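Notes follow once the structure below has been shown.
The values are calculated or read from the model by the stated rules, or taken from the named source; none is laboratory data. For clarity, every value in this text was computed on a predicted model and none was experimentally measured. Every residue, glycine as well, gets a Cβ built from its backbone with ideal geometry; the counts of neighbours run over all protein chains shown. To get the accessible areas, we keep the full protein, side chains included, count just its heavy atoms, and leave off ligands, DNA and RNA. Shrake-Rupley method; radii C 1.70, N 1.55, O 1.52, S 1.80 Å.
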Amino acid sequence: MTNFKKGISRRRLIKTGLAGVLATGVSPYIFSRSAFAQEFCNAPTGDTVTLGFNVPLTGAYADEGADELRAFELAVEHLNGEGDGGMIPHFSSDALTGNGILGKRVAYVTGDTQTQSDAARDSARRMIERDGALMISGGSSSGVAIAVQGLCQEMGVIFMAALTHSNDTTGKDRRRYGFRHFFNAYQSGIGLGPQLGDAYGTDRRAYHLTADYTWGWTQEESMIAATEALGWETAETVRTPVGAGDFSQYITPVLNSGADVLILNHYGFDGVNSLTQAVQFGLKDRQANGKNFQIVLPLVSDLMAAGAGNAMQGVFGTSNWYWSQQDEGSKAFTNSFGAKYGRPPSQAAHTSYVQTLLYADAAERAGTFYPPEVIRALEDYEFDGLGNGPTLYRGADHQCFKDVFVVQGKENPSNEFDLLEVVSTASRDNVTYAPDFFEGELGPYDPAMC
Amino acid sequence: MEAIFAQLLNGLDKGGAYALIALGLTLVFGTLGVVNFAHGALFMLGAFCAVAFRELITYEIVTTDPEQLSPWGSPLEIRTPIAQQYLGDWGAVIIDYSVPLSILLAIPVMLIIGIVMERGLIKHFYNRPHAEQILVTFGLAIVLQELVKTFFGPNPIPQPMPSTFRGAADVGSWLGLTPGAVTYPWWRLVYFLFSIGILSAVFAFLRFTTFGMVVRAGMADRETVRLLGIDIDRRFTLMFGLAAVVAGLAGVMYTPLLPPNYHLGMEFLVLSFVVVVVGGMGSLPGAVAAGFLLGILQSFASMTAIKNLIPGIDQIIIYLLAVVILLVRPRGLMGRRGVMES
Amino acid sequence: MNVLRLPRQDVILFAVFAIVVLTMPIWLTPFGAAYPGLMQKFAIFAIFAVGFNILFGLTGYLSFGHAAFLGVGSYTAVWSFKLFTMDAIPALIFAVLMSGVFALGIGFVSLRRSGIYFAILTLAFAQMSYNLAYSVLTPITNGETALQLTNNDPRVIDMMFMERTAGLPSPSIFGQPLGGIGGFYLCAVLLLVAFFIAQKVFASPFGMMLRAIKSNQTRMSYTGFNTRPYALTAFVISGMYAGLAGGLLAVTDPLAGAERMEWTASGEVVLMTILGGVGTLVGPVIGAWLIKYLENIFSAFNEGMLHATFSWLPDGVEDIVVAVTSKFVGEGWHLTLGLVFVLIVVFLPGGIMEGVRRIRSAVANRRDNRRTRFSTSAAE
Amino acid sequence: MQYSNNTVLHVADVHKRFAGLHALADIDLEVEEGKTHAIIGPNGAGKSTLLNVIVGRLAPSSGAVVFDGQVLTGKKPHEINQMGVARVFQTPEIFPDLSVLQNVMTPAFAKRDGAFRIRMLNPLANEAALREEAEEALADVGMIERRHLHAASLSRGDKRRLELAMCLIQKPRLLLLDEPTAGMSRHDTNTTIELLKKIKSRGMTKVIIEHDMHVVFSLADKISVLAGGRIIAEGAPDAVRGDPRVQEAYLGGAH
């Protein structure tokens, strides 16, 4: 059985197709190939190293997925020494020199997760088994990220999660082979809580509409904890299916519920749809309990703000990063991205870009692609210059700790990209929690033979 | 009380959409005897008529303003829609009203699409088994939605409603309830009235024109009408075109409520089939009644009180109803004997 | 041994089929499809389609909700992993039994109607399962996130024999791990078993009864047959096939998501069966392979590869050719699928197998037009 | 209720009303074991309604149909068949997608295995006994050389003969024939009549529904004449032929 496996995972044979078969003398070869071809899954043998970018190109988070892909392409360009280098010169580590990773040129393959766990795992498997991807990145849905992270653990391939905001990703579902730069719902709650208290007072009744999956659940939980700490009451929590499109049947009951704040635990197109429909139902102009009715969108991106248009004005949320940040790294990244694509990068693009750089940097510092060594290089790594200030990649749960930005939809945008305003920042110390706050287990370092 | 009334209202616009789609489905089915799985795609094509129309009139001229800089340091691009450039304020009004105006585009386009579909493909399937009709139209639906995806991309494209109709009407205060107790977005009200208008027009057309009489006679007994020497095929082709227009218009006006994407049709298709079956295969009033009934029921099932009583009911109410109706009243609410029972 | 007995031509067919399936890792290599993930899919979806064909191909009942049983099989298998043991055998047995129970219930109700009403009933049941799996049944299905293994699963049987290890366990069979090519051979062997059983059904009096139901249900009842239990048996068998396929999906990748039950997934197996040839033994298998191959390989084509393919053309022409063809590959492969499907239904209602037969009879015109066993459905 | 000893089918005081229309009135028929009983009447006389009442498709408004001591009303078609009643339809009901041989084997299975039994272990090809039986039945109706043809490709007359073979192989106690020559060419009609004569001697009871008097005179032992939903005459063929009421019904009817 083992011989089969080793033989089959000879990527070159498969990739080069017919020519490869003819050149190597067809079938007997497949079964007798040396068992020592590689000591870990997809060890790069040629002069390129292949990364796999698994993003949603269809479904509720397709906008984010497309932006992630742009950032991945840009990161690969910069790693290979093309373009202006983006954030690399401002990165606190100087291991990256623009000659690929460990001297090997970076190539990449892409896949569509369709915002579905099943499809995402299929696509990740294809990239690992067929295309020989050494690292998988991507996300845009926590359900997908957790599913793919589990697969990567099994196959011994490092997963650098991009946009995933659920507490579970580095909480109960944390994995040794999975890393997250993005912040999480709990941190959003810590950041957003005081801001909501300042703006809306302590006597409020909140109605939650929640995307019915891991991210929505943990965000709802975190927002309830944060708002109830302020003294708010929770009127009702209602789960809505992901990709529901028309949320009107869920919004109508809000009108007579006695609530005066609507918290939309939705993201992507779901967030855009539920927010605009809530505004259509007149919620923003409404009075309840003698106060102005308010809408909160705890996790917000500029892509959503663009989709929601006017409806976004004045609405509070949190963001992992926003392009108007004035540190050198952020400015360099925004310029480089804007010059290439004619638009500023979203937070999804930013985290994807940073994760790719962080993986490359870790491999350089480890001096090998051997996953356990790369993992150790990432664990408890302290860095700066990638847009969020000093950041720690905590080894105990593979979560990054850094400042969290509270944003608000701008009332008078000066141009079509200037949609959000950073109104406050929750410091890294504030949003840091104990590693065992969420229970979970990372699992072993041992590389698997995919 | 107010909550129930609010949900009733909320069911009306959805019910209107279901009724319009189911009406076309039933027309095609009743006249041509074809089970058209591509009917949802026609709804989607209608929605994309609105998208295309808006893209046409908002085609932009790009100028750069060296005074202002974009976030990445190059001169800021300023985009002006052509309509606004040349027509000034009127252009702005046209853009504002792009959704209702795109009906003007949708009617001829959908008519042509319908006729081409019928002449090109559907007519060869009149006498083939229903299973094959389902399959070929299912394939056609895939082709249509993928074509739309190639041209318009996979993402939903929001269509703003005219600014006059933004916000919500205080329906409650019209009826003497507490002001603000029952509000209902203006556009949903418009959509409901629009669907009533279209439904009335179609029924009037079928009742009061000779064309309609022939079609109704054909629905009852195709062979007899043929024996009378009436060229019923040509009328049926037009009928298919009409069904396409009805579905298309339903789609056009729905865009501000739900940003259209390429698989919008599939989502509505399953539901509209359930509507047709519940209403009774081949019964036009049945289709309309069932459309509104299901829209309202779906809305009611989402009420918290009901969901607490029967968890998950909002997710399955439509299908559950379909199963019960099919088992208890196999011909649906108003179905005729002998339809699809061979 | 009656159990194993088959007519001679079926024995030959089975032998050829077995060779084709077992040597997949060799002959798929030139097609770039010889990687375990895809080959497992080939075997699994072939099982699904062969089973679906026992219902649709033989009895003519068009189910638009068969993916529900696939999903039930997956969920059951993952639960078997979580509760009892990581061994694949009990997981698959539970998956088949559980989906059989579901099929019995749904079939009992749905088969009270026929034709399009039956299709809508099955569709409604599948959509209900799908929606419930996404919402209220989250404690059982884990909703959108999909049901997965965790470190604290009880796994009572495994725990009797071994210590809990740090990492997640993976499915095995008799202690042998099932990753990669091993997983493929498990699927392949089960495909052969499934195919053999289908051959038995096709060749048996029971199979003839099912064809007779499709052919003329009225005559069937006036001939003294109670048709509903026959159709129900076929429905349950094909539901169990779907459950086996679903269980195997979970064995090769221990995760079960609700989208497996969506009606588009049910539509896919219909496409596979039609594309290959309804009512034939081999057709559904070919249909399943073709669609899965297109999905995996065709969809991965991008503009760069097209430019490489057409680089021998003059520049301007190349750009146009690439621009046009790119609409049909990569993201647009569904367009190709839809077009092929429409063309098949219009011109070749018997699917690829009918095409093969037409070619064969055109070539070997001398032989008398004896009807082969591949010909039940198409001739109408 | 009193039956003569050899009555096998008794239609007892059956009335059938459809919204206002009295389709069958006071029908009382006794069909004797082993005899051929023809029910004739002009179009619209109620023959089809009567047949549908006999086979349980329509429930009578009052009265009952008794076969071999058991009430047929409310029974499902397959149950009635399993009791020993076979039926030939007005338009031949066969299995167009099966071969001619398989068409005849199918009812043989129903006879042997009952209404429902799954036989999966043994291939069809091994059912030699049933196949021989089927081939005999086909030889009987003169179609043995066509046994491998697709049933859909048969002519209408051949389809009728095939259907007859499908009924005969079950050796039913009662055979119902619904206008066995309807829509047939002269030639096919003659062959069918010859065939029916041939099987007449086999002792199975037959009920023939027919609107063409001439077809049944040479076949029937007893004829009941139906007109306007009532039996207006009954008796041996010769007696019925001369009955003036019958003449009137046919001349005044649609004929």
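Towards the positive end of the charge dipole of chain A, with charges on Cβ (+1 Lys, Arg; -1 Asp, Glu), say which of A:THR227, A:GLN347, A:THR169 has the farthest Cα.
Checked the options; the winner is A:THR169.
Leaving out ligands, DNA and RNA, calculate the buried accessible area for the pair B and C with a 1.4 Å probe, summed over both sides, in Å² to the nearest 100.
Details: alone 16470 and 18690 Å², together 31750 Å².
Counting protein atoms only, the buried area is about 3400 Å².
When only Cα pairs under 8 Å and 6 or more residues apart are kept, what is the percent relative contact order across chain A?
Details: 991 pairs, mean separation 84.2, N = 450.
Relative contact order of chain A: 19 percent.
What FRET efficiency would be calculated for the residue pair D:HIS214, C:GLN176, taking the C-beta separation as r and a Förster radius of 56 Å, to the nearest 0.05? Kindly include the intermediate steps, with their values, before the conclusion.
On the way: r = 80 Å, r/R0 = 1.43.
With a Förster radius of 56 Å, E is 0.10.
Where the centre of each part is set by its Cα atoms, how far does region C:343-359 sit from region B:242-293, in angstrom?
33 Å
5 Å is the cut-off here: which amide hydrogens, built 1.01 Å from N in the peptide plane, fall below it relative to A:TYR108, excluding neighbours closer than 5 in sequence?
Those lying under 5 Å, H to H, from A:TYR108 are A:LEU51.
Of the listed pairs C:LYS200/D:LYS75; D:LYS111/D:LYS159; D:LYS159/D:LYS222; D:LYS16/D:LYS111; B:LYS149/C:LYS214; B:LYS14/B:LYS149, which have alpha-carbon separations greater than 30 Å here?
Values: C:LYS200/D:LYS75 34 Å; D:LYS111/D:LYS159 21 Å; D:LYS159/D:LYS222 27 Å; D:LYS16/D:LYS111 32 Å; B:LYS149/C:LYS214 38 Å; B:LYS14/B:LYS149 25 Å.
In this structure, C:LYS200/D:LYS75; D:LYS16/D:LYS111; B:LYS149/C:LYS214 lie more than 30 Å apart at Cα.
Per residue of chain D, what 222 nm ellipticity follows from adding -39500 (n - 2.57) for every DSSP H run with n ≥ 4, rounded to the nearest 500?
Working: 9 runs with 89 residues, N = 255.
Theoretical 222 nm ellipticity from helices: -10000 deg cm²/dmol.
Put simply, what bits of region A:100-124 lose 30 Å² or more of accessible area when the other protein chains are there, versus the chain on its own (1.4 Å probe)?
A:GLN116, A:SER117, A:ASP118, A:ARG121, A:ASP122
What accessible area per residue, rounded to a whole number of Å², is obtained for the protein assembly as shown using a probe radius of 1.4 Å? Before the final figure, lay out the partial values.
Details: 51200 Å² over 1427 residues.
Accessible surface, normalised per residue, equals 36 Å².
Put +1 on the Cβ of each Lys and Arg and -1 on the Cβ of each Asp and Glu in chain D; which of D:ASN190, D:VAL11, D:GLN170 then has its Cα farthest toward the positive end of the dipole?
Value: D:GLN170.
Given the options B:VAL34, B:VAL246, B:VAL171, state which has the largest fluctuation in a GNM of chain B using a 10 Å cut-off (strictly under) for Cα springs.
B:VAL171
Does anyone have the angle between helix B:103-120 and the longest principal axis of chain B? Alpha-carbon axes, 0 to 90°, nearest 10?
40 degrees
For the modelled label position 7 Å from the Cα of B:ARG234 along Cα-to-Cβ, which residues of region B:178-221 have backbone nitrogen atoms closer than 16 Å?
B:210-212, B:214-215, by backbone N distance to the label point.
List the accessible area buried at the contact between D and C, summed over both sides and calculated with a 1.4 Å probe, in Å² to the nearest 100. Display every interim value, and only then the final one.
On the way: alone 12320 and 18690 Å², together 27710 Å².
Using a 1.4 Å probe, the pair buries roughly 3300 Å².
Among C:VAL282, C:VAL317, C:VAL346, which one moves the most in a GNM of chain C with springs linking Cα atoms closer than 10 Å?
C:VAL317
How high is the relative contact order of region C:8-263, in percent, with contacts defined as C-alpha pairs under 8 Å that are six or more residues apart?
Working: 404 pairs, mean separation 107.4, N = 256.
Over region C:8-263, the number comes to 42 percent.
Per DSSP H run of n ≥ 4, the term is -39500 (n - 2.57); total these for chain A, divide by its residue number, and report the mean residue ellipticity at 222 nm rounded to 500 deg cm²/dmol. Let's see the in-between values first.
On the way: 15 runs with 179 residues, N = 450.
Helix-only estimate at 222 nm: -12500 deg cm²/dmol.
Compare each residue of region A:211-226 in its chain alone against the assembly with all protein chains, and report those whose accessible area goes down by 10 Å² or more; 1.4 Å probe, heavy atoms.
The answer is A:ASP212, A:TYR213, A:THR214, A:TRP217 - residues whose exposure falls by at least 10 Å² when every protein chain is included.
222 nm [θ] for chain C, helices only, -39500 (n - 2.57) per DSSP H run of 4+, per residue, to 500? All intermediate terms of the calculation are to be shown ahead of the outcome.
Working: 18 runs with 248 residues, N = 380.
That comes out to -21000 deg cm²/dmol.
Answer rounded, prolate or oblate for chain B, using the Cα gyration tensor with square roots of eigenvalues a ≥ b ≥ c: rounded when a/c is under 1.5, else prolate when a/b is larger than b/c, else oblate. Don't skip to the answer; put the middle values down first.
On the way: a/c = 1.95, a/b = 1.33, b/c = 1.47.
Oblate is the answer for chain B, as a/c is 1.5 or above yet b/c matches or exceeds a/b.
Other chains near B:142-151: what is the mean number of their Cβ atoms within 10 Å of each residue's Cβ?
Values: counts 10, 9, 2, 3, 11, 5, 0, 6, 6, 1.
Other-chain Cβ atoms within 10 Å of each residue's Cβ, averaged: 5.
Would you jot down the residues in region A:127-163 that end up with at least 40 Å² less accessible area in the complete protein assembly than in the chain alone, with a 1.4 Å probe?
Listed by number, the residues meeting the 40 Å² cut-off are A:GLU129, A:ARG130, A:GLU154.
Would you tell me the mean number of C-beta atoms belonging to other protein chains that fall within 10 Å of each C-beta in A:180-190, as a whole number? Write down the numbers at each step before the final one.
Numbers: counts 0, 0, 0, 0, 0, 0, 0, 0, 0, 0, 0.
Counting Cβ atoms of other protein chains within 10 Å of each residue's Cβ and averaging gives 0.
Does region A:186-319 classify as rounded, prolate or oblate by the C-alpha gyration tensor (a ≥ b ≥ c root eigenvalues; a/c under 1.5 gives rounded; else a/b over b/c gives prolate, otherwise oblate)? List each step's numbers first, then the result.
Details: a/c = 1.31, a/b = 1.12, b/c = 1.16.
The shape class here is rounded.
Need one value for C:73-86: mean number of C-beta atoms belonging to other chains within 10 Å of its residues' C-beta atoms.
Working: counts 0, 1, 0, 0, 0, 0, 0, 0, 0, 0, 0, 0, 0, 0.
Neighbouring Cβ atoms belonging to other protein chains average 0 per residue here.
Give me the mean projected area, in nm² to one decimal, of the convex hull enclosing the Cα positions of region C:8-263.
Across all orientations, region C:8-263 yields a mean hull projection of 15.3 nm².
Tell me, what ³J(HN,Hα) does each residue in region A:141-149 have, in order and in whole Hz, if you take phi through Karplus 6.51 cos²θ - 1.76 cosθ + 1.60 with θ = phi - 60° and put x for Gly and Pro?
Here the 3J(HN,Hα) series is 8, 5, x, 5, 4, 5, 4, 5, 4 Hz.
Whose amide H sits under 5 Å from the amide H of B:ILE78, counting only residues 5 or more places off or on another chain, with H placed in the peptide plane?
Sorted by chain and number, the residues that satisfy this are B:THR63, B:THR64, B:ASP65.
Antiparallel versus total DSSP beta bridges in the protein assembly as shown: what percent is that, nearest 5? Walk me through the numbers before you get to the answer.
On the way: 52 of 108 bridges.
DSSP beta bridges in the protein assembly as shown are roughly 50 percent antiparallel.
Quick check on region C:1-79: take the gyration tensor over C-alpha atoms, sort the square-rooted eigenvalues as a ≥ b ≥ c, and tell me if it's rounded (a/c under 1.5), prolate or oblate.
Working: a/c = 1.87, a/b = 1.07, b/c = 1.75.
Oblate.
Apply 1/(1 + (r/R0)^6) to the Cβ-Cβ distance of B:TRP90 and A:GLU228, taking R0 = 60 Å, and write down the FRET efficiency to the nearest 0.05. Walk me through the numbers on the way to the answer.
Details: r = 53 Å, r/R0 = 0.89.
So the FRET efficiency works out to roughly 0.70.
Relative contact order for chain B: what percent, with Cα pairs under 8 Å and sequence separation of 6 or more?
On the way: 546 pairs, mean separation 116.9, N = 342.
After rounding, I find 34 percent.
Of C:ASN131, C:LEU104, C:LEU149, which is farthest along the charge dipole of region C:81-167 in the positive direction, counting Lys and Arg as +1 and Asp and Glu as -1 at C-beta?
C:LEU104
How large, in percent, is the carbon and sulfur part of the accessible surface of the protein assembly as shown at a probe radius of 1.4 Å?
Details: 29950 of 51200 Å².
Answer for the protein assembly as shown: carbon and sulfur cover 59 percent of the accessible area.
How would you order B:135-147, A:348-360, A:378-390 from highest to lowest mean count of nearby Cβ atoms within 10 Å? Before the final figure, lay out each step's value.
Details: B:135-147: 24.2, A:348-360: 28.8, A:378-390: 19.4.
Final packing ranking: A:348-360, B:135-147, A:378-390.
Amide H to amide H under 5 Å from D:ARG87: which residues, 5+ apart in sequence or cross-chain, H placed 1.01 Å off N in plane?
Here the answer is D:LEU176, since their amide H atoms fall under 5 Å of that of D:ARG87.
Quick one: which of C:255-265, C:174-184, A:154-164 comes out on top by average Cβ neighbours within 10 Å, and what's the full order, highest first? Intermediate values should be presented prior to the final figure.
Values: C:255-265: 24.2, C:174-184: 18.9, A:154-164: 27.4.
Ranked from most to least packed, the peptides come out as A:154-164, C:255-265, C:174-184.
Connecting C-alpha atoms closer than 10 Å in a GNM of chain B, tell me which of B:LEU321, B:LEU69, B:LEU242 has the biggest fluctuation.
B:LEU69
If the only charges are +1 at each Lys and Arg Cβ and -1 at each Asp and Glu Cβ, what is the size of the charge dipole of region A:186-319 around the Cα centre, to the nearest 20 debye? Spell out each step's value before the answer.
Values: 6 positive and 13 negative charges, 47 e Å.
Using Cβ point charges on Lys, Arg, Asp and Glu, region A:186-319 gives about 220 debye.
Which value, in debye to the nearest 20, describes the size of the charge dipole of chain B about its Cα centre when Lys and Arg Cβ atoms bear +1, Asp and Glu Cβ atoms bear -1, and nothing else is charged? Intermediate values should be presented prior to the final figure.
Values: 20 positive and 20 negative charges, 270 e Å.
So the magnitude is around 1300 debye.
Over all directions, what mean area does the Cα convex hull of the protein assembly as shown project, stated in square nanometres?
Working: hull surface 237.1 nm².
Mean projected area for the protein assembly as shown: 59.3 nm², to one decimal.
Can you give the FRET efficiency to the nearest 0.05 for B:THR80 and A:THR202, using r as the Cβ-Cβ distance and R₀ = 56 Å?
On the way: r = 47 Å, r/R0 = 0.84.
About 0.75, to the nearest 0.05.
Estimate for me the total accessible surface buried between chains C and A (protein heavy atoms, probe 1.4 Å, no ligands or nucleic acids), in Å² to the nearest 100.
Working: alone 18690 and 16700 Å², together 31910 Å².
Interface between C and A: roughly 3500 Å².
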